[in-house]
Structures are given as C-alpha cells and as structure tokens.
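Asks: Handing you a structure now.
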Amino acid sequence: MEPNRVEVEFEDREVTPEEIGREVLDHADKSVMVELNTIASAERVADYLKGKVEVEFLSTHVTPWDRKRRIEEMKERLNRGDPFVLVTTQVVEAGVDVDFPVVFRDLGPLDSVIQAAGRCNRNSRLEKGKVFVRRVRREGKATDFNLVYGKFTEEVTLRVMKGNFCEKDFREMLDTYYRELERVRNLKDQSLEVEEKARLLSYDEIKFSLIKEEPKYTVMVLESDEAVRRLDNLRKALNIKGYERRVEVKKWRALSEEFMVKVWEKPNLEEDKRLEVFISGKEMYDEVKGFSVKEREETLLW
C-alpha cells in the first residue's frame, strides 16, 4: 500500500512574498516550512515575518557551518514541538532531514514540489500533513518559477498540476510530467532515474533540476575566530614544500569551505588570487539572512 501522508493544495494564483507570509501566519501555531525559488523572495518573506513569529532561515548565502548548526537546532525544536517558521530556498532539498506539519512551496517543477512535500509529515506523526502551493511573483517581474526554471517548464507543470492532490497521486503525476517534458526536451536518462525513485516510493530523494547555470564567485566569510583560523592555516599550507603540501592544502581547503558562499556577480571585495576566493569580514554577514550581497534582485537564486 502506497503511503498517503500529505495533502497538497494548489491554487493557481500569483502572490507576493508578503502575501505568502500573511498566509503562513494563519498556521503559525504549528511549525511551518516555507520554500521559495529565489533568495530575494525568501529574504522578503523572512523580513515580513520577523517580529511576528520565530524565524529560521536557510539559503546558499548562509555558510555551510551555520546551515548545519541551524538544521540541528531546528530538529531539536521540532522534536520538542516548539513552533517556528523556516524560510528557505531549494537548499533544503539537498538531503535535509526535517519533518514539518505544514509546508508552503512556491510553485516549481513538479519533482521539486514533491520533494518539498517530503519534508511534511515524513514520519507520519499526523493523519495528514498539509502542503500549500502558490505562485510567487515580485512586482514588475515574471514569476520566480519563470526566472529560475524558464517559461516552458512552468507551462508544463501547470498542465500537470490541476487542483489538489495527495501523496498517492505522486507517481502517476510524475509519469505524466516527464512524458510531457520528453516530448520536446532530451531528458530521457534523467527521467529514468526519477521514475526509479518513484517506483521505490522514494519521492523525497528525487534530485532533478533544469537549472544549468550556477553562481560563479566564491566568498569566504570571516564570521568568527574559527573561520579566520582556518583561512590562516589554508594559506600556510600553500607555502609548504614537498609531498605534504597537497595533503595539507586539501585538508584546510575542505575545512575552510564550511565558511564559504557562492554569489552570481563579482563582489567588491579583496580577492585571494591563489585561492580564487574573495574575503569578507563579518560586518557583511547578517545573523539571520547570511552574506549581504549587492546583486540585482533577479540574480538572487537559491
């Protein structure tokens, strides 16, 4: 028997980040996850909710060091039943094991919507978890879905997602979705992998994306003494002579990457040419939203 842990309510209407924030407040007696397609919209939702509810935030502008710490703290709060709102981008899809009773998701590719649903009632603590799907659009722009994944993928998703559905419907919907995509795109190999995950009912393990471009520039954020120490040791490792150099550089590069974020536009910061990394002080690192970057809003993707 297939699991049927969640109900998905899809309303085909456009909302601003603040409007989705207002909807979230109606469910804030429980813990809620809100997943957006862009960092720009996620930051606006977080700003709207700040001071009204307890807010946690995840995006690629938050260092891996802080993301790990925040995720562990959120798990503890969920286990205690201590309500809060997690505002996040698609970074939460990368193997983050959390279980929320309520999830809001900006409309994205069907596999991403289903993956977000996998963070709702995953441990079957409730009879049914609730997933609300809306279409986020910032003023004067295309929908965030369109900006990140393109108009074609948005149109295909809208043809498949009509009205409300449950977890038991996921497999059939995914089959339809990928058949529709394959009609005009060469996605055969990727869709076979997704079909196998669907066959095994591993919906929240589906990993598929039509995003081809990734952020180009790396910034190391010296947010703490530990970050400074790791950067110093990495620089020292580069000066080692002999066979130990490669081992030490690899070790300290990996440790330093826990304090690194990636951005789309070249930052106005000092660059370490040897490391190919820009260096930022802690004054540019917001305690909630992470690295403060002067990028065009439309480039602030996940």
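Asks: What pairs can you find where one residue is in the range 60-80 and touching a residue at least 60 places away in the same chain (Cβ under 8 Å), the other is of a type in the set (Asp, Glu), and their Cβ atoms are less than 6 Å apart, with a gap of 6+ or different chains?
Replies: Pairs found: PRO64/GLU258; TRP65/GLU258.
Asks: Of all residues in the range 213-239 being open to solvent by 50 Å² or more (accessible area, probe 1.4 Å) and in a loop (DSSP other than H, G, I, E, B), which is farthest from LYS282 (Cα to Cα)?
Replies: Checked the range 213-239; the qualifying residue farthest from LYS282 (Cα to Cα) is GLU213.
Asks: Any idea how many residues of the range 240-262 are without any contact (Cβ under 8 Å) to a residue 60 or more places away in the chain, within 28 Å of the chain's Cα centre (by Cα) and open to solvent by less than 40 Å² (accessible area, probe 1.4 Å)?
Replies: Within the range 240-262, residues that are without any contact (Cβ under 8 Å) to a residue 60 or more places away in the chain, within 28 Å of the chain's Cα centre (by Cα) and open to solvent by less than 40 Å² (accessible area, probe 1.4 Å) number 2.
Asks: If I go through the range 94-138 residue by residue, how many of them are in contact with a Ser or Thr (Cβ under 7 Å, 6 or more places away or on another chain) and farther than 16 Å from SER41 by Cβ?
Replies: So the count comes out to 4.
Asks: Return a yes/no flag: does the range 61-68 have any residue that is of a type in the set (Lys, Arg), in a helix (DSSP H, G or I) and more than 25 Å from LYS168 (Cα to Cα).
Replies: Of all residues in the range 61-68, those of a type in the set (Lys, Arg) come to 67-68.
In the following step, the residues that additionally are in a helix (DSSP H, G or I) were identified as 67-68.
Checking the rest, the ones that are also more than 25 Å from LYS168 (Cα to Cα) come to 67-68.
Yes, because at least one residue in the range 61-68 is of a type in the set (Lys, Arg), in a helix (DSSP H, G or I) and more than 25 Å from LYS168 (Cα to Cα).
Asks: Do you know which residues across the range 153-177 are open to solvent by 60 Å² or more (accessible area, probe 1.4 Å) and farther than 20 Å from PHE104 by Cα? So that I can check it myself, show each step before the final result.
Replies: Taking the range 153-177 first, the residues open to solvent by 60 Å² or more (accessible area, probe 1.4 Å) are 155, 159, 162, 164, 168, 171-172.
Correct list: GLU155, ARG159, ARG171, GLU172.
Asks: Considering only residues that are closer than 22 Å to ARG137 by Cβ and at pLDDT below 95, look in the range 62-93 and name the one that is surrounded by the most Cβ atoms within 10 Å (Cβ to Cβ).
Replies: Per the criteria, the residue is THR89.
Asks: Another question, if that's okay. Give me the pairs: first residue in the range 39-58 and closer than 19 Å to LEU78 by Cα, second residue among the aromatic types (Phe, Trp, Tyr) and in a loop (DSSP other than H, G, I, E, B), beta-carbon distance under 9 Å, and six or more apart or on different chains, which are they?
Replies: VAL53/PHE84; GLU54/PHE84; VAL55/PHE84; GLU56/PHE84
Asks: Mind checking which pairs have a first residue in the range 107-120 that is open to solvent by less than 10 Å² (accessible area, probe 1.4 Å) and of a type in the set (Phe, Trp, Tyr) and a second that is at pLDDT 95 or above and not in a loop (DSSP other than H, G, I, E, B), Cβ under 6 Å, 6 or more apart or different chains?
Replies: Going by the 6 Å Cβ cut-off, there are no qualifying pairs.
Asks: Can you spot a residue in the range 134-144 that is open to solvent by 50 Å² or more (accessible area, probe 1.4 Å) and modelled with pLDDT of 95 or more?
Replies: yes
Asks: Going through the range 263-284 one residue at a time, which ones are without any contact (Cβ under 8 Å) to a residue 40 or more places away in the chain and among the basic types (Lys, Arg)?
Replies: LYS273, ARG274
Asks: Within the range 11-20, is there a residue that is on the phi < 0 side of the Ramachandran plot, part of a loop (DSSP other than H, G, I, E, B) and at pLDDT 95 or above? Lay out the reasoning, then the answer.
Replies: Looking only at the range 11-20, we keep the residues that are on the phi < 0 side of the Ramachandran plot, and these are 11-20.
Among the residues that remain, those that are also part of a loop (DSSP other than H, G, I, E, B) are: 16.
If we keep only those that are at pLDDT 95 or above too, we end up with 16.
The answer is yes; a qualifying residue exists.
Asks: So in the range 241-297, with the set limited to residues that are among the small types (Gly, Ala, Ser) and part of a loop (DSSP other than H, G, I, E, B), which one is nearest to ALA227 (Cα to Cα)? Outline the logic, then answer.
Replies: Residues of the range 241-297 among the small types (Gly, Ala, Ser): 242, 254, 256, 280-281, 290, 292.
Retained after the next criterion (residues that are part of a loop (DSSP other than H, G, I, E, B)): 242, 292.
Numbers: GLY242: 26, SER292: 17 Å.
The qualifying residue nearest to ALA227 (Cα to Cα) is SER292.
Asks: Confirm whether GLU54 is closer than 25 Å to THR153 by Cβ, touching a strand residue (DSSP E or B) at 6+ places or on another chain (Cβ under 8 Å), modelled with pLDDT of 95 or more and of a type outside the set (A, V, I, L, M, F, W, C). Quick ask: steps written out before the conclusion?
Replies: Values: closer than 25 Å to THR153 by Cβ: no; touching a strand residue (DSSP E or B) at 6+ places or on another chain (Cβ under 8 Å): yes; modelled with pLDDT of 95 or more: yes; of a type outside the set (A, V, I, L, M, F, W, C): yes.
The answer is no for GLU54.
The values are calculated or read from the model by the stated rules, or taken from the named source; none is laboratory data. Computed from a predicted model, the values in this text were never measured in an experiment. Cβ atoms come from the backbone with ideal geometry, glycine included; neighbour counts cover every protein chain shown. Side chains are part of the model used for accessible areas, which takes the heavy atoms of the whole protein and leaves out ligands, DNA and RNA. Shrake-Rupley method; radii C 1.70, N 1.55, O 1.52, S 1.80 Å.
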